[in-house]
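Heads up, the thing below is written out as structure tokens.
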Amino acid sequence: MQANKTLFESVDSLNIVVKRIGINDKNVFAEIDISINGTVQIFVVDILEFDEEQKIKSIRAYKR
């Protein structure tokens, strides 16, 4: 959470485009393109894992 807070506070603009989403019993996967200040491009895959009560158990992000 701190890393996200620092990122959002340090840039003028973020444009986030979700390219693809996948879902299974316990996970949601999202391929995301992020543009920072209109110039820097980052391509990531986020994986959200849920517990038996459908609460978020973990969030992992990988740079493509």
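Of all the criteria given as (1) assigned to a loop (DSSP other than H, G, I, E, B); (2) modelled with pLDDT of 90 or more, the one not satisfied by D25 is (2). Going through (1) out of contact with any Ser or Thr (no Cβ under 8 Å at 6 or more places or on another chain); (2) assigned to a loop (DSSP other than H, G, I, E, B); (3) not charged (D, E, K, R) one by one, A61 falls short only on (2). Taking the range 17-39 as the range and being touching a residue at least 12 places away in the same chain (Cβ under 8 Å), more than 14 Å from A61 (Cα to Cα) and among the β-branched types (V, I, T) as the test, the residues that pass are V17, I36.
Looking across the range 39-64, the residues that are open to solvent by less than 50 Å² (accessible area, probe 1.4 Å) and over 27 Å from S10 (Cβ atoms) come down to E49, F50, D51.
Restricting attention to the range 8-38, and to residues there that are aliphatic (A, V, I, L, M) and closer than 30 Å to E53 by Cα, which single residue is most open to solvent (accessible area, probe 1.4 Å)?
Start the filter on the range 8-38 by keeping residues that are aliphatic (A, V, I, L, M), which leaves 11, 14, 16-18, 21, 23, 28, 30, 32, 34, 36.
Adding the requirement that they be closer than 30 Å to E53 by Cα leaves 16-18, 21, 23, 28, 30, 32.
Values: I16: 92, V17: 62, V18: 80, I21: 114, I23: 133, V28: 42, A30: 16, I32: 19 Å².
In this case the residue turns out to be I23.
The values are calculated or read from the model by the stated rules, or taken from the named source; none is laboratory data. Given the structure is predicted, the values throughout are model-derived calculations rather than measurements. In this analysis, Cβ positions are derived from the backbone assuming ideal geometry, glycine residues included, and neighbour counts consider all displayed protein chains. Note: accessible area is taken over every heavy atom of the protein model, side chains too, but ligands, DNA and RNA are not part of it. Shrake-Rupley method; radii C 1.70, N 1.55, O 1.52, S 1.80 Å.
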